[in-house]
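The values are calculated or read from the model by the stated rules, or taken from the named source; none is laboratory data. Note that the coordinates shown come from a computational prediction; the quantities given were computed from them, not determined experimentally. Note: ideal-geometry Cβ built from the backbone for every residue, glycine included; neighbour counts use all protein chains shown. The accessibility values were calculated without ligands, DNA or RNA, using every heavy atom of the protein model including side chains. Shrake-Rupley method; radii C 1.70, N 1.55, O 1.52, S 1.80 Å.
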Amino acid sequence: MRFVIDLAVAIAVALAIGISSAWYAIERGRLFGSVTVGGWTAWPQEGSANADPYSLAMLARTGEVPLGAGEGLSFTAEKDAAGADLSGHCTYTITGETPAARLWTLTAYDGAGRLMVNVAHRSGFHSREIVRGSDGEMLITVAPTVQPGNWLPIGQTDRFKLVLRLYDTPLTTGSQIANLVMPLIRKASCP
């Protein structure tokens, strides 16, 4: 009898741990196969046939459609250069160069992963509309209030994330990702 009780407890514990770990992996998503460069994180295998089953389950649950392996690569940033969470109440500057790509887009999403509602009704930038400095570097200001120059408007929310998508880039092979220099996100001001 004692054996049956011990077996039932072991099965219950195993089920609880298994179900909760699967839920966590699907809810948090993209736990495996990530590559972090600076404050930007990419999942090179996400849109390929080699994607891990937890990422596939998370993508199916959210309805997100990742870039295919031959289309490009997405990088996500949820923190600034100092390691603080990105806040929709603050102003940030994004400076530097982007990795080689035929086209890139930079989009702001709220904490739930939805496009941000903002005063300008604009959710992103792309490489063909940005004005660069004389040195070729970009300067994008991410802020909830109107800013001069390359302004990416955001809504006043507690947390947000930025997604940099590189289309038709040689980085899709994954071999050069670790050596990249990515744009730097710095907090300029915060009330």
- Got a sec? Which of Gly88, Gly83 is out of contact with any Cys (no Cβ under 6 Å at 6 or more places or on another chain), modelled with pLDDT of 85 or more, part of a loop (DSSP other than H, G, I, E, B) and open to solvent by less than 20 Å² (accessible area, probe 1.4 Å)? Gly88
- Among (1) farther than 23 Å from Pro183 by Cβ; (2) modelled with pLDDT of 85 or more; (3) not aliphatic (A, V, I, L, M), which single condition is Tyr54 missing? (2)
- Item | Pair list, Cβ under 6 Å, 6 or more apart: segment 84-98 residue under 15 Å from Tyr109 (Cβ atoms) and among the charged types (D, E, K, R), other residue assigned to a loop (DSSP other than H, G, I, E, B) and open to solvent by 10 Å² or more (accessible area, probe 1.4 Å) | Asp85/Arg159
- Query: (1) under 20 Å from Ser87 (Cβ atoms); (2) open to solvent by 60 Å² or more (accessible area, probe 1.4 Å); (3) of a type in the set (A, V, I, L, M); (4) touching a Pro at 6+ places or on another chain (Cβ under 8 Å): which one isn't true of Ile154, the others all being true?
  - Reply: (2)
- Query: Residues in segment 121-143: is at least one under 17 Å from Pro191 (Cβ atoms) and open to solvent by 40 Å² or more (accessible area, probe 1.4 Å)?
  - Reply: no
- Query: With respect to the numbered conditions (1) modelled with pLDDT under 75; (2) closer than 30 Å to Trp151 by Cβ, which one is the sole condition not fulfilled by Gly38?
  - Reply: (1)
- Filter pass, Ser48 being in a loop (DSSP other than H, G, I, E, B), at pLDDT below 80 and on the phi < 0 side of the Ramachandran plot: yes
- Message: From the list Thr107, Thr76, Thr93, Thr98, exactly one residue is open to solvent by 30 Å² or more (accessible area, probe 1.4 Å) and among the hydroxyl-bearing types (Ser, Thr, Tyr). Which is it?
- Response: Thr93
